[in-house]
1. Of everything in segment 55-65, what is touching a strand residue (DSSP E or B) at 6+ places or on another chain (Cβ under 9 Å) and surrounded by fewer than 18 Cβ atoms within 10 Å (Cβ to Cβ)? Give them in sequence order.
2. Could you say whether any residue in segment 143-156 is of a type in the set (Val, Ile, Thr), over 22 Å from Lys7 (Cβ atoms) and modelled with pLDDT of 95 or more?
3. Which of the residues that make up segment 194-238 are closer than 18 Å to Ala142 by Cα, outside any loop (DSSP other than H, G, I, E, B) and out of contact with any Ser or Thr (no Cβ under 8 Å at 6 or more places or on another chain)?
4. Within segment 115-136, which residues are away from the ligand (no atom under 15 Å from the Cβ) and either assigned to a helix (DSSP H, G or I) or under 16 Å from the mean Cα position of the chain (by Cα) (or both)?
5. Could you go through segment 87-108 and let me know if any residue there is more than 21 Å from the chain's Cα centre (by Cα), among the small types (Gly, Ala, Ser) and more than 16 Å from the ligand (Cβ to nearest atom).
6. So is Arg62 among the basic types (Lys, Arg), more than 16 Å from the ligand (Cβ to nearest atom) and touching a residue at least 24 places away in the same chain (Cβ under 8 Å) or not?
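The values are calculated or read from the model by the stated rules, or taken from the named source; none is laboratory data. What you see is a predicted model; the values in this text were computed from it and never measured. Backbone-built Cβ (ideal geometry, glycine too); neighbour counts: all protein chains shown.
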Amino acid sequence: MKIIDGKSVAASIREEAARAAAAVAAARGSAPGLAVVLVGENPASVSYVTAKERACAECGIRSIPVRMPAESSQEEILSAVRRLGADPSVDGILVQLPLPRGIDEQAVIRAIPPEKDVDGFHPVSLGNLVIGLPGFVPCTPAGIVELLMRSGVDPAGKHVVVVGRSNIVGKPVAALLARKGRGGNATVTLCHTATPDLCAFTRQADILVVAAGRPGTVGAGMVKPGAVVVDVGVNRVPDATKKRGYRLVGDVDFDAVAPVASMITPVPGGVGPMTIAMLMANAVKAAGGPL
Ligand code: GUN
């Protein structure tokens, strides 16, 4: 069994993004600019946004922090996003999700011009993904496919079972893996909370992608011996022995599944760093960079 090192693969992609960002800066006199919008202070969102802004600094991408109070109205958030959309010094716009209760997330996403949609969540971006046209691919799905390819696992011709149907991971990763082209051409089964006998499906997977958002979703008996297991879960569980008071676990019972799998991604250090690396790549692409 091999543990897939997402941190080191992500570091290579960040280096590539940094070179491409430098090329953009040299060609047009300004580095790629990424607006990072955070509404409120959800602790997980604050830590994601901090990590994204730090990655920007490392890659030579100009991050443009936009912080709004949790009580912001729908109209205030929409006008902030529209202003960034119209600002020529902003190449990419990221609105950290989830937004506070009562805000129409889809309306905010639709206010991002598709050519600045570095998260790939706009209906135009997702439509392009499904029909195989160029456009922004959501960062976690793109990161999963890139991590597999750079670990020597080409999904082409394999049976990939995806557990979870979120708009951010499950649905787009299924579309990406099934489409024609590099990193695609897999046979894809999409399972979710209404799938009876989940185990009967997961046991058929050559590659199992778990994005259910619940610890312990996949145990040893649910994995075919020799399968490649990609754990997308990021769950905080209370842990008094940690200074922060919690530790991160995935959706897969790592200790039980690792001996059965041929390769497995850890949490943390698997898919997580890839998401941020692909965001850097998308930000450079939004600025017309050579990626
Ligand atoms: N919330 C959880 N994942 C993501 C992501 O990839 N991008 C944004 N903007 N919000 C998220």
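1. If the condition is that a residue be touching a strand residue (DSSP E or B) at 6+ places or on another chain (Cβ under 9 Å) and surrounded by fewer than 18 Cβ atoms within 10 Å (Cβ to Cβ), then Ala57, Pro65 are the ones that fit.
2. No, segment 143-156 has no match at all.
3. Those that are closer than 18 Å to Ala142 by Cα, outside any loop (DSSP other than H, G, I, E, B) and out of contact with any Ser or Thr (no Cβ under 8 Å at 6 or more places or on another chain): Ile207, Val209.
4. Selection gives Glu115, Pro123, Val124, Gly127, Asn128, Val130, Ile131, Gly135.
5. yes
6. Here the answer is yes, as Arg62 does meet what is asked.
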